[in-house]
Amino acid sequence: MNQLKAIEENAELVINGVGRMCGVQLDYDEKSVEWLDGYIKRNRKDFDEKTVEKMTNILGSFLGECIRRNFGGEWKISENGFGIIFDSKNAVYPFAKTEKHLRNGSEDSIVGLYKMIPVVFNK
């Protein structure tokens with residue numbers, strides 16, 4: 001399976017798995033990113049190392065798809081890792097940000113990244 005297909009499937013897993021399991025209707029929008037931010041805040045301390053790695057991939061895929069669908073850009077690999085590349089000078093890295101939030105807490109909030117994109121990148 002290629003990486004883009006895996007990202008799409010992971011993002012759908014958040015909507016159809018995590019969302020339904022928690023009784024929330026998620027979509028690729030800011031409200032869903034805010035909910036996911038709270039989900040991480042509420043549950044991160046219960047995650048062991050293996051779960052953090054798995055959740056980084058799943059939740060990072062969802063965050064990235066929300067960004068791509070609302071602000072444009074493309075999934076690409078750069079010298080900084082796999083991320084959403086807007087142009088030759090602007091990119092965000094949803095997997096890295098998700099991992100930081102899972103490990104460090106709200107100081108590395110994913111919703112903070114999401115909300116700064118239109119301000120910083122004029123999207």
Helix-only mean residue ellipticity at 222 nm for the chain, each DSSP H run of n ≥ 4 adding -39500 (n - 2.57), per residue, nearest 500: -18500 deg cm²/dmol
Under the span-like rule (Cα at least 24 Å along the axis, Kyte-Doolittle mean at least -1.0), DSSP H helices of the chain: 49-71
In the chain, lysine pairs with alpha-carbon atoms under 15 angstrom apart (chain gap of 8 or more, or interchain): 13
From the C-alpha gyration tensor of the range 1-59, square roots of 5λ in Å: 18, 17, 9
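Would you work out the charge dipole size for the chain about its Cα centre, treating the Cβ of every Lys and Arg as +1 and the Cβ of every Asp and Glu as -1, and quote it to the nearest 20 debye?
140 debye
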Prolate/oblate/rounded call for the chain, Cα gyration tensor, a/c under 1.5 rounded: rounded
Likely footprinting exposure, Arg69, Arg42, fewest C-beta neighbours within 10 Å first: Arg42, Arg69
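Computed from the coordinates by the stated procedures, all read-outs in this text should not be read as laboratory data. Owing to the predicted nature of the structure, the values given are computational and were not obtained by experimental measurement. Heads up, the Cβs are rebuilt from the backbone with ideal geometry, glycines too, and the neighbour counts pull from every protein chain shown.
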